[in-house]
1. Taking the beta-carbon count within 10 Å as an exposure proxy, list Lys154, Lys141 from fewest neighbours to most.
2. From zero up to wherever the largest Cα-Cα distance of segment 2-283 sits, split into 5 Å bins and tell me the percent of pairs in each.
3. Arg447's amide H: which non-local residues (gap 5+, or another chain) put their own amide H closer than 5 Å, with H modeled 1.01 Å from N in plane and none for Pro or chain starts?
4. Hey, got the Cα dimensions of segment 291-478 along the principal axes, in Å, largest first?
5. Along Cα→Cβ, 7 Å out, is where each label goes; now give me the distance between the ones at Arg447 and Ala27 in nm to one decimal.
6. I need the peptides 424-431, 34-41 ranked by packing, meaning the mean over residues of other C-beta atoms within 10 angstrom, with the highest value on top.
7. Mind sorting Ile213, Ile353, Ile43 by how few other Cβ atoms lie within 10 Å of their own Cβ, fewest first?
8. To one decimal place, what orientation-averaged projected area in nm² is obtained for the convex hull of the Cα set of segment 233-365?
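Values quoted throughout were computed directly from the atomic coordinates according to the rules given, and no laboratory measurement underlies them. Every value quoted in this text rests on a predicted model; they were computed, and no experiment measured them. Cβ placement follows ideal geometry from the backbone for every residue including glycine, while neighbour counts extend to all protein chains displayed.
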Amino acid sequence: MAHLTLLQLNDLHGYLESHPEMVRTGAGWQFERLGGLARIASIFAEARVEAGGAALTLDNGDTFHGSYVALESKGEALVPLMNALKIDAMTAHWEFAYGPAGFATLAAQLDYPVLAANVFRKADGAPAFDGRRVFDRGGLKVGVVGLACPIVDKTMPPSFSEGLRFEIGVEECRDHIKALRSDEGVDLVVVLSHLGFPQDVQLAKDIDGVDVILSGHTHNRMHEPVVVNGAIIFQSGCHGAFVGRLDLEVETGRIVSYRHQLIPVDDGWPEDPEMAALVDNAMAPHRDRLSEVVGRTTQPLHRYAMPSAPMDDVLLDAIAAAAEVEIAFSNGWRYGAPVAPGPVTLNDLYNIIPMNPPVSRVDLTGAEMRQLLEANLESTFAADAYAQMGGYIKRCRGLTVFVKLENPKGERVDRLFVGDEPVDPERVYPCAFVTTQGVPRRYGTGRRDLQIDAITALRRWLLRNVVGDGLRPPSVIVV
């Protein structure tokens with residue numbers, strides 16, 4: 001009987017220190033302070049000792065992007081910290097925000113490989129990354145296949161994927177598993193995926209021979225794994241607030257038992273001194289600026305609800321005011337640690353929208369607004385899991401949208417109002433947005449970037465308003 005411990009970190013989004021998080025309880029949501037790489041280092045170290053060297057530490061990506069420190073350094077501030085965590089392999093998603101060349105520069109500094117079997121160079125069709133790696137742990141040969149997020153060249157800015165092509169990865173994964181089983185004689189196959197939980201469930205149905213799928217992208221806090229076609233699938237939240245651990249007992253290439261833990265990264269874990277020093281070194285140049293109080297909120301700001309999110313309500317109010325319009329759109333982002341009632345800092349604003357894009361304005365017809373919302377609902381709730389492009393429902397302001405999620409593609413928007421008036425399909429409505437994910441370029445006319453960025457718009461709005469005063473009902477209502 002052989003033992004293997006799998007340790008998972010997914011969707012860190014550049015969060016180096018502990019921060020407020022919302023957790024579900026029997027009495028509803030409550031705030032806890034979770035996360036921090038210094039605590040995670042202690043969790044990993046203890047698990048490796050308990051495993052007697054038979055541990056494999058894997059990172060699902062969305063690691064080097066998502067916080068001010070990550071963006072300001074194009075991910076490089078995190079390199080010594082992630083190397084110190086002794087990661088064995090990673091895959092990727094928002095890392096491509098620095099462009100393929102920027103990500104390649106970042107990856108070259110890591111002590112571990114980026115695995116992405118589903119990313120190819122357009123010029124010659126060759127793989128852009130290694131697709132798999134074999135690790136020897138505790139007398140077992142473990143094959144790991146990496147799958148990067150497949151939406152990079154479909155819904156994200158073109159600069160992210162210049163010269164690259166992204167596939168779902170079903171056939172590529174099947175080919176790598178065949179090679180691992182037949183040519184390299186592995187005992188176990190692990191898929192390190194950034195497809196998203198629904199897609200990983202479908203992947204497990206479509207492919208035989210997978211023992212474990214470490215899932216990422218959709219930020220699921222899975223207290224128990226699911227088993228699909230023999231594959232154990234689990235995911236461990238986001239922002240480094242939780243670590244996933246899976247202990248396996250293996251006999252003759254077969255998992256005979258397992259134990260899963262979703263480990264809260266709370267103050268019950270001591271901070272590793274070496275990692276704490278590395279974190280402080282990365283944060284020190286920015287602490288004073290990021291700790292500036294820029295406003296107040298009387299309600300929790302978060303993105304932990306599907307139809308609407310208080311965090312995006314604030315962003316939408318700010319960009320609508322900056323563009324001098326009533327209607328505004330943001331993207332259905334999931335990332336961004338919640339903000340507890342009380343002071344709002346500049347660091348909180350960068351967590352809300354770390355890219356800090358310009359506020360833009362575009363003229364949309366009523367018909368285009370409906371089309372935009374229908375397209376977003378399809379990409380979120382498509383019956384085909386592989387057609388789901390991640391994210392939540394697109395956030396909006398100035399509209400009231402009644403939706404029926406069970407309806408077929410193109411028929412989910414039941415009614416659409418501006419104020420008390422039904423939207424006129426032919427009327428032109430001026431709208432504000434941030435990033436092309438807010439209003440894709442195929443929609444609208446008169447598009448122009450304003451001379452104000454999202455963070456400045458938020459700061460100006462917070463000078464005049466306390467978040468939570470004059471709360472409005474959700475813009476998207478599921479009926």
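1. Starting with the residue having the fewest Cβ neighbours, the order is Lys154, Lys141.
2. Spelled out per bin, shortest first, that is 1, 6, 13, 18, 20, 17, 13, 8, 3, 1, 0, 0.
3. So Arg447 has HN proximity to Asp363.
4. Extents along the principal axes, in whole Å: 46, 34, 30.
5. About 4.9 nm separates the two model spin labels.
6. Output ranking for 424-431, 34-41: 34-41, 424-431.
7. Ordered by Cβ neighbours within 10 Å, fewest first: Ile43, Ile353, Ile213.
8. Here the figure is 13.6 nm², rounded to one decimal.
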